Amino acid sequence: MNDDEKWRDKLTAEEYKICREKATEAPFTGEFWDKTDEGLYSCKCCGEILFSSAGKYDSGCGWPSFFQSLDDSKIRTEIDNSLSRTRIEIMCDHCGSHLGHVFDDGPAITGKRFCVNSASLNFIEKSEKES
Ligand SMILES: [Zn+2]
């Protein structure tokens, strides 16, 4: 099984389009955009833990938004000139899965808004033991 077949097997059709073909889910439709539970967000494809609920905020944009990642070395960035504007694409550094984009209009603490597709993430609820 080559890589592409592996992803097609592991992901739903929509997840495949977003994670592997860089599509964007419609705003206010994903699983996590308004989630406020405490926990961690990992890469849908490889399970690498990328974001924490502690860095999540409500940006009003309809996608899960974070003002910081857990570890910027786990987030790969690339200039994206599609849709006739320049944006900075963010990907999982470990497996190259598309996550979303990062913008400079975040809250003052970092000034960043990591705008991520719900379909690119899994949520790991904080367990009683850790608290
Ligand atoms: Zn990954």
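The values are calculated or read from the model by the stated rules, or taken from the named source; none is laboratory data. Just so you know, these numbers come straight off a predicted model, no measurement behind them. Heads up, the Cβs are rebuilt from the backbone with ideal geometry, glycines too, and the neighbour counts pull from every protein chain shown.
Worth pointing out:
- Scanning segment 24-51 for residues that are closer than 13 Å to S118 by Cα and in contact with a His (Cβ under 8 Å, 6 or more places away or on another chain) yields one hit, C43.
- Checked against the criterion of being in a loop (DSSP other than H, G, I, E, B), away from the ligand (no atom under 13 Å from the Cβ), surrounded by 14 or more Cβ atoms within 10 Å (Cβ to Cβ) and within 12 Å of the chain's Cα centre (by Cα), segment 47-60 has no qualifying residue.
- Single unsatisfied condition, R85 versus (1) within 13 Å of the ligand (Cβ to nearest atom); (2) loosely packed, with under 13 Cβ neighbours inside 10 Å; (3) of a type in the set (K, R): (1)
- One residue alone among S84, S120 is out of contact with any Ser or Thr (no Cβ under 9 Å at 6 or more places or on another chain) and either modelled with pLDDT under 95 or hydroxyl-bearing (S, T, Y) (or both), and that residue is S84.
- The single condition from (1) in a loop (DSSP other than H, G, I, E, B); (2) under 19 Å from Y16 (Cα atoms) that A119 fails is (1).
- Candidates E89, E5, E25, E14, filtered to the one that is touching a residue at least 60 places away in the same chain (Cβ under 8 Å), part of a helix (DSSP H, G or I) and farther than 24 Å from K126 by Cα: E14
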